Structure formats: structure tokens, C-alpha cells
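Presented below is the structure to which this report refers.
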Amino acid sequence: MRIAVLTSGGDSAGMNPAVRAVVKAGITKGCETYVIREGYEGLVRGNTTPPRPRPKAERHVPAERLARFGTDALVKNLSFGDGPALREGAGDADEEEEGTLRGRHIVRVGWDDVRGWMGEGGTFIGSARSASFRTLEGRLAAAHNLIKEGIDGLVVCGGDGSLTGADRLRAEWGELVQQLVAGGKITETEAALNSHLKIVGLVGSIDNDMALTDMTIGAPTALTRICEAIDNINSTAASHSRAFVVEVMGRHCGWLALMAGVSAGADYVFIPEQPPKSQPWEEEMCEVIRRHREVGKRKTIVIVAEGAHDRDLNPIKAEKVKDVLTEVLKLDTRVTTLGHTQRGGRPVAMDRILPTLQGIDAVNALLEATPDQPSYMIGIHENKILRIPLVDAVQQTQAVAAAIEARDFGRAMSLRDPEFEQ
Ligand code: ATP
């Protein structure tokens, strides 16, 4: 089987370990392994230049590794590609030529190509938001490129948008293949050979915003980065008896804000799913912080998720919170927006373990997939790696956003956590 892996949407720590796991598990199971650069955009653009010749290094294969895996495929794939070139993005992708972007976005990789990726942040194969993949024309080009490269299994690592795109590609696959035949792009024989595309999703998202899984790849690292930042803020806040309003990521999901609040001992947290009960909200927040100050707290930390709002869906922004703390409580207040520092840096242990276990199961799911099964998302629940129908996870995630939009905050919370009580 030929399998390919891509990373899509916002990058997250743990994407490199995920790609590494898919490639190594794929090779171990006898597959040919590919990476697709720049997410769906790379899939749409495909390969428009021939592969560069890559010198194959003579290499010694340790006997114990051969004994452990013992497959011809492994030996064959050990040093297929060129690791450093792939890691630096050097060489092939996106060369500008006569006004058109040309290059190679679908690249065969071997074991050595992903060596040393476990502890590296971001995604070496690139991620992108692709407007063209949202169009039928773009998805037709993507299907054509997959068929041209002979790829029959695809692992997509990204957020809910990326997995929605994956679900759409899989749902439309038969129709896309027929349109490629009608347009003379592929033959009837090729269509028959490619009647089924196997897709598996891995959730790479720092927000932990995907339904039906307990944790997404990148969320533990982002939370750790936020905690480190608030620890640093804490010492200066306590020294000067200041208040800090910290804005963290999370458009529809308050997990990062809420868990950072617990980890850092914050005074007040604003999350999209559960706005303050009072409208207007200012006095409710001030009352809590006033109480904390009265019992001797020298510092105040308020955490605001970027998608926070009041019960009428008016945004609650960090600057507004600062003004309230300054004017009503007379606190010396500063705003810190953590921004992209939350994404960056080396993955913490959980963001190596989770993508490794899930990447291996993604390959198993591809190898076991049958046409009558749904596409799966690999999740984790109560410490067990699970396969969940992709369409269910995507629909429930969208239902949370819809409940917030409809101001049904109780439903938003119970969709996040069925045991939640108002
Ligand atoms: P993040 O959580 O970081 O926002 P995401 O995967 O949700 O990650 P999006 O920008 O929503 O990020 O989606 C990534 C890409 O997936 C889009 O640029 C687009 O190419 C594809 N995609 C998203 N939604 C769809 C859709 N409904 N149909 C087809 N493709 C889609």
C-alpha cells in the first residue's frame, strides 16, 4: 500500500512526531510512505517537476534492527530520501517558474528522513490553509494527484477544518473519480483501481477543540507554554501587587484558558462556552477579585480566551477587562497576549506519546479499512487510543460552535462534557 501523510491548518507541537510515527509504522508494515508538503495546498498542486536524483548513501543497517523488524520493506526504505533537505524544505517545493508555482509537493520518504523529528516543534513538511481545496476544482486536482502518484491511503493531521476537508474528500471520492474519467484525465481502468480512497484523521490542534476525544495533539504543549508564561508573570505581579490580563488562544473552545486557570491559580477565566452569568458581566468579575484581594492576595490573574464573549455574544477583550480592573478596582493592570509563543517550541512528553501511539494506529486503520466502513479519526478516551467515525467527531465539534452561536451555553458545555451540570 502507498500511504501519504499531510499536516494542515494551524501548526501544533506534536505534528512532527505524528508524521514520524506514520512513516515509521508504514515502513514497518511494508508500505511505501510519502509526505505531502504544505497541507492540502500541496495535494492540489501535486508534482510538476521530476524528482531530483538523490544519492543513496551506502549504509550499515544494525543487525538488531533487522532482527527486530526483519522486513525487506524496511531495508529497502531505510535511506530512501534525503533527511536534511526535507527538514529544511530545501530543494523541491514551490519554485517560481514563468509565473506559475511548480515543484514537488508529494515526496517519497524513508526511515532516515524522519530521524530526529520526535523532539521538534511545528511541522517540517509545512502546513497551510488552502482556499483552492475548498473548491470542487481544487479537490478534483487533489484526487488526480493522489491517483497519479498511486497513493491509496491518506493520513491528515489537522484541526476540525482539516478533518472536515478530509471527510468531504472521502465522501466525494467516487464522484471525483468519475469526473476525472469524463474529463479524460484518467482511464476507466485507473478509475476501477482507485475506486476507494482510505482516509484517517489525526487531530492536531493546540485548542483541544475536537469532540469525542479527550486530547488533541499539541494541546498539552500549548498549555505548558501558557503555564510557564503565567509563572513568569506571577513573580512580577506579586512584587508590584499588580493585575495581569492574559489572553490565550481558543476561538470556540475554552479548554486552554480553563486549564491554564486551574494550573496557574488564576482569579477569573473567560471562556466562549460559558460566559459570565450576569449581564453586564463587569460587577460579577470585580466581586470575585475584590474578595480575593480582601483575603490577602497580592496579585490578580485574569485569563481571557480569544473567543470569549458575554451572553449576548459581544466579544470580551483583554483590553476591556484591563479597563474595568483599572477603573473599578483601581488595580495597576497590564495585558499580556501570549499569541504564537503558545504554538512554538519542543513538544512536551504527552505530545510525543500521543502522536506516536495515534500515528501507529492510523496506519493500522488504513491497512484494515474496507469500503463499507466510515473514515476514522484516531482519538483518545480514558487513556485508550480509539477509532471514532470522522463524520461524528466533525459534526459534534460543529454542534458546539452552533450552540454557542445560538446562545445555548448549557448545550455547548454538555456537548463538551456530557457530565457537566449547570
Ligand atoms: P485550526 O484548528 O488550527 O484552525 P483547522 O484544520 O481547523 O486548524 P482550517 O483553516 O479550518 O484549520 O482548515 C484547514 C484547511 O482544511 C482549509 O484551509 C481548507 O483547505 C480545508 N478545509 C476546511 N474546511 C473545509 C471544507 N468544508 N471543505 C473542504 N476543505 C476544507
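Note on Glu419, Glu38: ascending count of other Cβ atoms within 10 Å places them as Glu419, Glu38, the fewest first. For the chain, the longest principal axis of the Cα atoms and the long axis of helix 255-264 meet at an angle of about 50 degrees. In this structure the amide hydrogen of Gly14, modeled in the peptide plane, comes within under 5 Å of the amide hydrogens of Gly122, none closer than 5 places in sequence on its chain.
Computed from backbone phi with θ = phi - 60° and the Karplus coefficients 6.51, -1.76 and 1.60, the 3J(HN,Hα) list for region 132-143 is 5, 5, 6, 9, 4, 4, x, 6, 5, 4, 4, 4 Hz; x is used for glycine and proline. Checking the Cα-Cα distances for Lys297/Lys317; Lys277/Lys297; Lys277/Lys320; Lys198/Lys384; Lys29/Lys384; Lys29/Lys148 against a 20 Å cut-off, the pairs over it are Lys297/Lys317; Lys277/Lys297; Lys198/Lys384; Lys29/Lys384; Lys29/Lys148.
With axes computed from alpha carbons, what is the tilt in degrees of helix 390-405 against the longest principal axis of the chain, rounded to the nearest 10 within 0 to 90? The helix 390-405 is inclined about 30 degrees to the chain. Qualifying trypsin sites (Lys or Arg not before Pro) in region 141-182, where qualification requires a DSSP coil assignment and no more than 13 other C-beta atoms within 10 Å, are lacking entirely. When each of the peptides 7-18, 210-221 is scored by how many other beta carbons lie within 10 Å of its residues on average, the order from highest to lowest is 7-18, 210-221. Looking at the chain, the DSSP beta bridges with both ends there are about 30 percent antiparallel. Ordering of 296-304, 180-188, 251-259 by packing is 251-259, 296-304, 180-188, highest average first (other Cβ atoms within 10 Å, averaged per residue). Taking Cβ atoms as reference points and 11 Å as the exclusive limit, the residues near His252 contribute a net charge of -4, counting Lys and Arg as +1 and Asp and Glu as -1.
Multiplying the residue separation of Lys148 and Asp408 by 0.36 nm and subtracting their alpha-carbon distance yields 88.9 nm. Mean separation of Cα pairs under 8 Å and 6 or more residues apart, divided by the residue count, gives the chain a relative contact order of 20 percent.
What is the dipole size for the chain, taken about its Cα centre, with +1 at each Lys and Arg Cβ and -1 at each Asp and Glu Cβ, in debye to the nearest 20?
I would put it at about 980 debye.
Database remark: amide H of Met377 closer than 5 angstrom to the amide H of Gly201, Ile388, Leu390 (H placed geometrically; neighbours at sequence offset of 5 or more, or on other chains; Pro and chain starts carry no H). Against the main long axis of the alpha-carbon atoms of the chain, helix 219-240 sits at an angle near 30°. Here the dipole of region 318-395 is about 380 debye; that uses its Cα centre as origin and unit charges on the Cβ of Lys and Arg (positive) and Asp and Glu (negative).
Put a plus charge on the Cβ of each Lys and Arg, a minus charge on the Cβ of each Asp and Glu, and nothing anywhere else: the dipole of region 364-422 about its Cα centre is then about 120 debye.
Rule-based calculations on the coordinates, nothing more; no lab input. Computed from a predicted model, the values in this text were never measured in an experiment. Here Cβ is always computed from backbone atoms with ideal geometry, including for glycine, and neighbour counts include all displayed protein chains.
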